[in-house]
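Structure first, then comments.
Any read-out appearing in this document is the output of simple, stated calculations on the displayed coordinates, not a laboratory observation. For clarity, every value in this text was computed on a predicted model and none was experimentally measured. As a convention, Cβ positions derive from the backbone with ideal geometry for all residues, glycine included, and neighbour counts pool all protein chains shown.
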Amino acid sequence: MRLVLALFVALIFLGAGRADEPFALRDGQRIVFLGDSNTFAGRFLVQLDAYLFTRFPEKKFTLLNLGLPSETVSGLSEPDHPYPRPDVHERVERALAKSRPDVVVICYGMNDGIYYPPADERFKKYQAGIESVLGKVKKAGAKAVLMTPAPFDPLPLKDRVLPRTADRFSWMHPYSEYDQVLGRYSDWLLTLRAKGYPVADPHTAINRYLTMRRKTEPSYRVSGDGIHPDATGHWFIAQELLRTWQAPGAVDRAEIDGATGKMIHGDINDLHCDEKEIRFRWKTRLPMPSDPGWDRKLAGLERIHERWNRHLLMVKNAPRAKYELYEGDRKLGTVTRDELAAGVDLLAFPDLSTNQNAQRSWKLLEERQGVLGLAWLTDVGHKRPGTPKGIALDEATRRAEALEKEIRRLTQPVTLTLRLLPVP
């Protein structure tokens, strides 16, 4: 009995990298995103799609971007705005009825303080607006997820920001310490965790990263205008949602005992180990592709591969001190016995076919999100002038399905033929 129990526990442990039970999203779910221009930009949705397609290739998740530039949840609009800011309450019930989501991600705040100094009256309108949307999401039978707004950074706008004593403020001439407002809104959103709402916190994550980078690079920024995050900023939005959803960090692991020639972990076949060669075939999932627009230091400083994209080759007790790693006849690089024992990060080899296929999917993921998002936004309808119009929803759905077919072809698990040849 004890042996059976031990084997059961071992199987659970060995499968932990592939288990998705704690993950909050479920197969077949539709996740709708409501927000302002930072949601409309959609780059973090592409990153989430990239994660979902590669990590769960057998499942289907539909992410719909219904973010609208300039929108608020408070119903407020600064006097100098060229038109009244759209109010999400004008369209939220229509959006929920048409999209029929299982999960709704809500991110407002950047525009809701209308770029003025802190004021209790505006804060109360923001709170009331959020609570109203939460009520409508619940009535629609969906689960709500909240996100804190991205921070406001005055550095890129240093010649346009205004002191508290100014008479009027706007997105063109914001209050210099406007992030105080967003910090207050974010702190309040985080209190809603006590009421059972999942709350992702990119506001804190981005500010932490900015503070860290500016210790050595005082002019560093993740936003060209202090309001809209770039690709690096959008990674933090995606990361905080993944963290909130308890997304697993492991892609896959091949683990071999080089002394006994036995497989320890992974879908491994045709394993051969001796002094002259270690070779095997390994069926594995693909890693999540990275956004080509990321700051080049981001992945290393944030340990993205280690935290979210662990794709490891491990060989215990390798007979030789140093090896050349091959996929088929293509040399990928050189690894040592100690590195193999600790686990070699396969993302370090860009020519590996899993990395190549994953990265090829990025452009298709971008295109698919762009086609679907604009079509859905147009179909739901809104009152913001000058917003690009999407194609008819039926046509967008057909295009998205064709793109998805190609994305799934690229992101299906593959069988790698790997060899480790000793370096003399």
Just tell me which aspartates and glutamates come within less than 13 Å, Cα to Cα, of residue 143; anything on the same chain fewer than 8 places away is out. 102
For the chain, what does -39500 (n - 2.57) per DSSP helix run (n ≥ 4), summed and divided by total residues, give at 222 nm, in deg cm²/dmol to the nearest 500? -12000 deg cm²/dmol
Within the set 139/389; 139/195; 125/195; 98/124, which residue pairs have Cα atoms separated by over 27 Å? 139/389; 98/124
Gyration tensor verdict on the stretch 142-230 (Cα atoms; rounded if a/c is under 1.5, prolate if a/b is larger than b/c, oblate otherwise): oblate
Of all DSSP beta bridges in the chain, antiparallel share, percent nearest 5: 55
I need 209, 51 ordered by Cβ neighbour count within 10 Å, fewest first. 209, 51
In terms of the alpha carbon gyration tensor, root eigenvalues a ≥ b ≥ c, rounded if a/c is under 1.5 and otherwise prolate when a/b exceeds b/c or oblate, the stretch 327-424 is prolate
How long, wide and thick is the stretch 42-129, going by the Cα atoms along their three principal axes, in whole angstroms, largest first? 50, 26, 25
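Would you list 336, 260 from fewest to most Cβ contacts within 10 Å?
260, 336
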Rounded to 10°, Cα long-axis angle of helix 43-55 versus longest principal axis of the chain: 30
Over the alpha carbons of the stretch 249-424, what is the largest minus smallest coordinate on each principal axis, giving the biggest first in Å? 69, 33, 25
What shape does the stretch 25-247 have by the C-alpha gyration tensor, where a ≥ b ≥ c are the square roots of the eigenvalues, rounded means a/c under 1.5, and otherwise prolate means a/b greater than b/c and oblate the rest? oblate
Check cross-link reach from residue 297 to the lysines: straight Cα distance under 18 Å, and skip same-chain residues fewer than eight apart. 215
With the dipole of the chain worked out from charges on the C-beta (+1 for Lys and Arg, -1 for Asp and Glu) around the Cα centre, which of 178, 290, 402 lies farthest toward the positive end? 402
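Using the Cα centre as the reference, give the magnitude of the dipole from point charges on the C-beta atoms of the stretch 49-153 (Lys, Arg: +1; Asp, Glu: -1; all else neutral), rounded to the nearest 20 debye.
It comes to approximately 680 debye.
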Please order 103, 315 by the number of other Cβ within 10 Å, starting at the fewest. 103, 315
Note down the magnitude of the dipole of the chain about its Cα centre, charges +1 on Lys and Arg C-beta and -1 on Asp and Glu C-beta and zero elsewhere, to the nearest 20 debye. 600
Histogram of C-alpha separations across the chain, 20 Å bin width, %: 24, 50, 22, 4
